[in-house]
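Shown next, in structure tokens, is the structure this report addresses.
Just so it is clear, none of the values below were taken in a lab; they were calculated from the coordinates. As the structure is a prediction and not an experimental result, all values here were calculated from the model. In this analysis, Cβ positions are derived from the backbone assuming ideal geometry, glycine residues included, and neighbour counts consider all displayed protein chains.
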Protein chains: 2
Amino acid sequence: MSEKVGKRTVRLSGRVGIISAAGVAGHKEAEGPLKDSFDEVYTDDLLGEKTWEKAESRLQTNAANHALKKANLSPQDIDVILAGDLLNQCISSTFGLRSLGIPYLGQYGACSTMAQTILTAALLIDSGGFSKAMAVTSSHFCSAERQFRLPIEYGGQRTPTAQWTVTGAGAAILSTNAPRAVIREVTVGKITDLRISDACNMGAAMAPAAADTLYSFFLDTNTSPEDYDLILTGDLGYIGSELLKKLLRREGTDISFQHDDCGKRIFNRKRQDVHAGGSGCGCCASVFCSDVIKRLYSEELKNIIFMATGALMSPTSSQQGESIPGIAHLIHLTAV
Amino acid sequence: MSEKVGKRTVRLSGRVGIISAAGVAGHKEAEGPLKDSFDEVYTDDLLGEKTWEKAESRLQTNAANHALKKANLSPQDIDVILAGDLLNQCISSTFGLRSLGIPYLGQYGACSTMAQTILTAALLIDSGGFSKAMAVTSSHFCSAERQFRLPIEYGGQRTPTAQWTVTGAGAAILSTNAPRAVIREVTVGKITDLRISDACNMGAAMAPAAADTLYSFFLDTNTSPEDYDLILTGDLGYIGSELLKKLLRREGTDISFQHDDCGKRIFNRKRQDVHAGGSGCGCCASVFCSDVIKRLYSEELKNIIFMATGALMSPTSSQQGESIPGIAHLIHLTAV
């Protein structure tokens, strides 16, 4: 059983955690500093498929299969799978996970999906109705770029605030059966909108949501940044990360010593042309499910906050003059 | 606490149920047989907004506010809201529910969203971490038509198998606090694909998923159609409903006496030009949250199965030669 702590945080039973996880990534990500942590990398970003969308589906299939294999499980052992992605109607997830035959709950949290799926999976297990659940998400630079921005072939100039959508996916299997990374508390994010409308500056659009969720979590749990080894955000990138720290300083909270961001970690800013850092559901999915989980399993990290952020817009909402609301979902994990 | 029953069904504690619900609908729906059951109907399908997408968001805002008002609750009383819709990146939900300031988990189940959000909300409450949860979804004929098919102004001819996307929304508030319609069991659907590829025949694409989920539920709970007052599907419409009955007859199960479908009920087929019936997330959302809930509250209905079906495709997946996978999520409810 879980219980509510403070206003918005839920404390879980302490029995549910991640028993297996896998991250896969594309060729550009494989040239970055985390290259050795991924479970599989691809030199061909089409993964042998005919379209970018089918390639993104394949990323999810592969991440899910790696996670299953590492846990010595088959798809029939999983009671429910929670997945989502950035593509219209979440087709990467549908077509990527169709062949597994696992009961499926589609999620939409934009780039917050990895945290959303893990926290929902953990709560569903804590309800007693499910033994094993899987959380999956992905993004692909080429499918995202042409859906949200411009045709790839156009070769458009990118603004300095733009982030580079990661080609990658992550899958995590949760259970009460001897997890090595336990989900302690979760905080569900609110739709937060400070009226940022620049679709080439997602970090700025998402930072207010991140500040809101993180600040609420500290209040609810009566803890502070010093209590954690790492406070890892999803894909705020270089600009959003600075804004998050600035917003929290206003509230008297300094996270600068503990904070890192998957969008900053996945690429080498000096050698790779990614402007404000990595983004996309697959950014924190591939980083969290490979590098971070490995460091939790080895107990190099013992007590961390993982908070993925999402921008809840579409090209249509932007064309109709809407601002870009953000959301941030938080998970507190410990090594055993 | 919940517990697993059989292979795929979860039996809840019996404490969680729907304490308030509201359905709103557009002008064509208001001319149908359920006109008096809706909580609000609109003569102007733009609802005073400038675009169809903003109008659809407004449907969600209004449905949510009606449900809150009927329960004498304010948004701050709700711990979490689960919502989704058919529009790219689920913008009806984001922009429709942004102003409420409730922690938000975006869902994507296509037209199965009403069942998915209600069942997930019920399980989250049964986990112990949340007291009150809201489930919301919507669709709008004009926003769906132009996104999935053709510009409205084109006035394209519709095939006889085509269904009419309902302009409507539904919102349900769940709690353990004196519910009048209790969630007994839920069965999460699997992505089911019998390689139907006609995007103008969604009923056929979704029927196999409905048959799979319903048959699994009967097996898991050791019950049969005669045990229920009503087996209500989401929006299979006239063609999909016949296919569902045919598929189940092959397994030796006859639901013809108990079965009805929201896509058949919402319009008057003889007087309204809707071909194979109603469809869209808002179809079963508006019917279930108004007419069906009222009949449960009055105990005219005492023991029902509500199963919403969704087609997990996008125009892009169809253009790339993919078939249309379906999904169906099931809820078993009783009057108190």
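Between the amide H of B:T137 and those of B:G170, distances stay under 5 Å, these residues lying 5 or more places away or on another chain, with hydrogens modeled in the peptide plane. Computed from backbone phi with θ = phi - 60° and the Karplus coefficients 6.51, -1.76 and 1.60, the 3J(HN,Hα) list for region B:187-195 is 10, 7, x, 9, 5, 10, 9, 9, 6 Hz; x is used for glycine and proline.
Packing-based ranking of A:174-187, B:92-105 yields B:92-105, A:174-187, ordered from highest to lowest mean Cβ neighbour count within 10 Å.
Note on chain A: GNM, Cα springs under 10 Å; of A:R58, A:R146, A:R11, the largest mean-square fluctuation is that of A:R146.
Cut-off 10 angstrom, C-alpha nodes, Gaussian network model of chain A. Which of A:L47, A:L243, A:L150 fluctuates the most? Maximum among the listed residues: A:L150. For the peptides B:138-144, B:63-69, the ranking by packing is B:138-144, B:63-69, with the highest mean count of neighbouring Cβ atoms within 10 Å listed first.
If you average the alpha carbon positions of region A:19-62 and of region B:136-186, how far apart do those two centres end up, in angstrom? Going from one Cα centre to the other spans 35 Å. Each Cα pair under 8 Å and six or more residues apart adds its separation to the average, and for chain B the resulting relative contact order is 25 percent. Considering only B:P179, B:L59, A:L214, the residue lying farthest towards the positive end of the dipole of the protein assembly as shown is B:P179, judged by Cα position with unit charges set on Cβ.
Think of each Lys and Arg Cβ as +1 and each Asp and Glu Cβ as -1; about the Cα centre, that makes the dipole of the protein assembly as shown roughly 280 debye. Taking the Kirkwood radius as Rh and the Cα radius of gyration as Rg, region A:181-335 has a ratio of Rg/Rh equal to 0.96. Dipole size of region A:192-263 about its Cα centre, with +1 on Lys/Arg Cβ and -1 on Asp/Glu Cβ: approximately 300 debye, rounded to the nearest 20. Summing Cβ point charges (Lys, Arg +1; Asp, Glu -1) relative to the Cα centre of region A:143-293 gives a dipole of roughly 380 debye. With the cut-off at 39 Å, report for chain B the share of all Cα pairs above it, as a whole percent. Of all Cα-Cα distances in chain B, 6 percent exceed 39 Å.
The mean count of C-beta atoms from other chains within 10 Å of the C-beta of residues in B:307-316, rounded to a whole number, is 4. Note on B:183-193: average number of Cβ atoms from other chains within 10 Å of each residue's Cβ is 4. Note on the protein assembly as shown: antiparallel DSSP beta bridges, both residues inside, total approximately 65 percent of the bridges counted. With contributions of -39500 (n - 2.57) from each DSSP H run of at least four residues, the per-residue ellipticity at 222 nm computed over chain A stands at -8500 deg cm²/dmol. With its label point put 7 Å out from Cα toward Cβ, A:K7 sits 4.7 nm from the same residue's point in the other copies, in order from shortest. When the Cα atoms of the protein assembly as shown are aligned to their principal axes, the ranges along those axes come out at 68, 51, 46 Å in descending order.
Lacking any other cysteine beta-carbon closer than 4.7 Å, the following Cys residues of chain B have no compatible partner: B:C90, B:C111, B:C142, B:C200, B:C281, B:C283, B:C289. When only alpha carbons of region A:37-87 are considered, Rg and Dmax amount to 12.4, 33 Å. Within region A:15-175, antiparallel bridges make up roughly 60 percent of the DSSP beta bridges whose residues both belong there. With a 10 Å cut-off around each Cβ of A:91-103, the average count of Cβ atoms from other chains is 6. With the simple model of a label 7 Å out from the Cα in the direction of the Cβ, B:Y297 to A:V5 spans 3.8 nm. For region A:53-114, averaging the sequence separation of C-alpha pairs within contact (under 8 Å, six or more residues apart) and dividing by the residue count gives a relative contact order of 41 percent. Taking the centroid of alpha carbons for each part, region A:194-227 and region B:285-317 are 36 Å apart. Sequence-ordered 3J(HN,Hα) estimates for region B:302-311 from the Karplus curve with 6.51, -1.76 and 1.60 and θ = phi - 60° stand at 10, 8, 10, 10, 10, 9, 9, 10, x, 9 Hz, glycine and proline given as x. Where both bridge residues fall in chain B, DSSP classifies roughly 65% of the beta bridges as antiparallel.
Take B:298-304, A:309-315 and order them by the average number of nearby Cβ atoms within 10 Å per residue, most first; the result is A:309-315, B:298-304. Label-point spacing at A:H27 relative to the other copies reads 5.6 nm, in ascending order, each point sitting 7 Å out from Cα along Cα→Cβ.
The H on the amide N of B:Q107, modeled in the peptide plane, is under 5 Å from the matching H of A:Y108, B:A83, B:G84, each at least 5 residues off or on a different chain. 3J(HN,Hα) along region A:49-62, derived from phi through the Karplus expression 6.51 cos²θ - 1.76 cosθ + 1.60 where θ = phi - 60°, amounts to 8, 8, 9, 5, 5, 5, 5, 5, 4, 4, 4, 5, 3, 5 Hz, with x in place of Gly and Pro.
Distant-in-sequence amide contacts of B:E185, defined by a placed amide H-H separation under 5 Å and a gap of 5 or more residues or a different chain, comprise B:L12, B:H332. The loop-placed GluC sites (Glu not before Pro) in region A:216-280, going by DSSP, that have at most 13 neighbouring Cβ atoms within 10 Å of their Cβ come out as A:E251.
If you run the Gaussian network model on chain A, springs between alpha carbon atoms under 10 Å, then out of A:D79, A:D44, A:D291 the most flexible one is A:D44.
Given q = 0.12, 0.14, 0.19 Å⁻¹, what are the Debye log10 I(q)/I(0) values for region A:15-175, with equal point scatterers placed on the Cα positions and solvent ignored? One equal scatterer on each Cα of region A:15-175 leads to -0.50, -0.67, -1.16.
Sorted shortest first, the distances from the B:Q319 label point to those of the same residue in the other copies are 1.2 nm; each point sits 7 Å from Cα along Cα-to-Cβ.
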